[in-house]
1. So which residues in region 288-314 are out of contact with any helix residue (DSSP H, G or I) (no Cβ under 8 Å at 6 or more places or on another chain), under 21 Å from Ile377 (Cα atoms) and within 15 Å of the ligand (Cβ to nearest atom)?
2. Any idea which of Lys405, Lys350, Lys414 is over 27 Å from Ile18 (Cα atoms) and of a type in the set (D, E, K, R)?
3. Condition check: away from the ligand (no atom under 15 Å from the Cβ) and buried (at least 23 other Cβ atoms within 10 Å of the Cβ). Does Ala245 satisfy that?
4. Would region 374-391 turn up any residue that is within 13 Å of the ligand (Cβ to nearest atom), in the same structural domain as Leu314 (by TED's automatic domain parsing), at pLDDT 95 or above and out of contact with any Lys or Arg (no Cβ under 9 Å at 6 or more places or on another chain)?
5. Among (1) within 23 Å of Val145 (Cα to Cα); (2) in contact with a strand residue (DSSP E or B) (Cβ under 6 Å, 6 or more places away or on another chain), there is one condition Val64 misses while meeting the rest; what is its number?
6. Filter region 20-67 for residues that are among the aliphatic types (A, V, I, L, M) and over 25 Å from Leu370 (Cα atoms) and give the result.
7. Count, please, the residues in region 61-110 that happen to be among the small types (Gly, Ala, Ser) and closer than 17 Å to Gly165 by Cβ.
8. Select from region 189-238 the residues that are of a type in the set (Ser, Thr, Tyr) and either closer than 29 Å to Ser151 by Cβ or buried (at least 24 other Cβ atoms within 10 Å of the Cβ) (or both) and list them in ascending order.
Amino acid sequence: MEKFIINGGRPLHGSVHISGAKNAAVAILPAVLLADSPCVIENLPQISDVKTLLTSLSELGAGVRIINKSTVEIDPRHAASFIVTKEMAQGMRASSYFLGALLGRFCKARVAPPGGCDFGVRPIDQHIKGFEALGTRVIIENGMVDARAASLHGASIYLDVVSVGATINIMLAAVKARGLTVIENAAREPHIVDLANFLNSMGADIMGAGTGVIKIRGVEKLSGTQYSIIPDQIEAGTYMVAAAATGGDVTVENVTPKHLESIIAKLIETGAVIEEFDEAVRVRMPGRPRACKVKTLPHPGFPTDMQPQISTLLSIADGTSIVTEGVWDNRFRYVEQLTLMGADIQVDGKTAVITGVEHLKSAPVRAVDLRAGAAMIIAGLMAPGETVIEDISHIDRGYELITEKFSSLGADIKRVNDYGAPAAKFA
Ligand code: EPU
């Protein structure tokens, strides 16, 4: 098992290049199965979730050719299997997108239930409700979700909760269905818009992505395309918060500032100084951060995937902060790790009360999930002395070359194996 060792207590300085968005990539890769000719996908992040999906596509029969580190050509023409096993899904949430994509392609799909980070119960009832409205029979048997339709037809679907996954899965299943599908109370995240743009570039007819009502008029066929994935909003936000939390001065490059509005607004409340450019944002923190209130919400609200990182920053703020989790039932599992580093945080249900301390202290901690792991790195960079982070495979699921990127900002961070030797960088 590999670990990160961080010698913290120094401000981050410099600029960092943001990679393609994980949560767009993991929707777009399964969507390639809907095309009748090869697709070239650019700006793919080098993260383990992408590697897992590329392996799954190849096991389904698609041709996968790596063109360079962030570009891949996928030829879906010979994909013949509609089964995604537990081994192929490897505990990823995004494996559920094969349900929509395979249904759209073959009118049948058999997929192991999705895994992913543990935030309490993660139901897929809204995905199933959508598939059923499109004419699919869904049963769960022998630990697999089995979805079958004689043919798919458009339908009007109202989501009971704003769900990124359900919105994406319904788009994938509906894009070649007969007639018009309307998704109401749809998720509005940038990756929903990116998937719609990708599908439209293949010949789909999708309108309204980015609003609460998405209209999908089914088309007969989708053709291969060349498409570049948007920058990762959460990776950008993570480096922005790390800059502020260490009292640094960092420019995050290759970003879409519009996607970062809620994060920028909250950082300004904490006292950070932000400069926005066309495709970059500079973050400086001139003094001790100020306490504030944060509530996570679906986009355009403050993203739940930034909640552990901002709470870590607030752990050294002047005053008491209130952080309310508005998306997941249980996204405070990392708090126990942060208190090992001296943070003063009381959690009651979906609310954390954070009483700012002057400094965090280095300690051995664990990455309990992907974004919690990013938060532990930020905490390690804030705390003087040596912090060791275990269970870092969670972090590799979603952050490209994270030790290299933080090192380029002046951080002392290294990846070591069980014997303390430097480990090969993740690629
Ligand atoms: N929900 C239901 N029923 C459903 C689906 C969702 O009740 O059928 C509930 C969930 O329990 C949750 C809420 O709806 O309370 C939102 O869940 P959503 O479906 O939007 O989440 P997801 O699609 O499973 C994606 C991201 C997560 C991110 C959430 C919310 C991907 C692969 N994952 O998950 O990202 O937290 O949206 O924005 O896109 C991460 O990147 O670290 C990550 C966890």
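The values are calculated or read from the model by the stated rules, or taken from the named source; none is laboratory data. The model shown is predicted, which means the values in this text are computed figures rather than measured ones. No Cβ is skipped: glycine too gets one built from the backbone with ideal geometry, and neighbour counts run over all protein chains shown.
1. Thr304 - this is the single residue of region 288-314 that is out of contact with any helix residue (DSSP H, G or I) (no Cβ under 8 Å at 6 or more places or on another chain), under 21 Å from Ile377 (Cα atoms) and within 15 Å of the ligand (Cβ to nearest atom).
2. Lys350
3. yes
4. yes
5. Among (1) within 23 Å of Val145 (Cα to Cα); (2) in contact with a strand residue (DSSP E or B) (Cβ under 6 Å, 6 or more places away or on another chain), the lone unmet condition for Val64 is (1).
6. Result: Val32, Leu33, Leu34, Ala35, Val40, Leu60, Ala62, Val64, Ile66, Ile67.
7. Number of matching residues: 9.
8. Ser201, Thr211, Ser223, Thr225, Tyr227, Thr238
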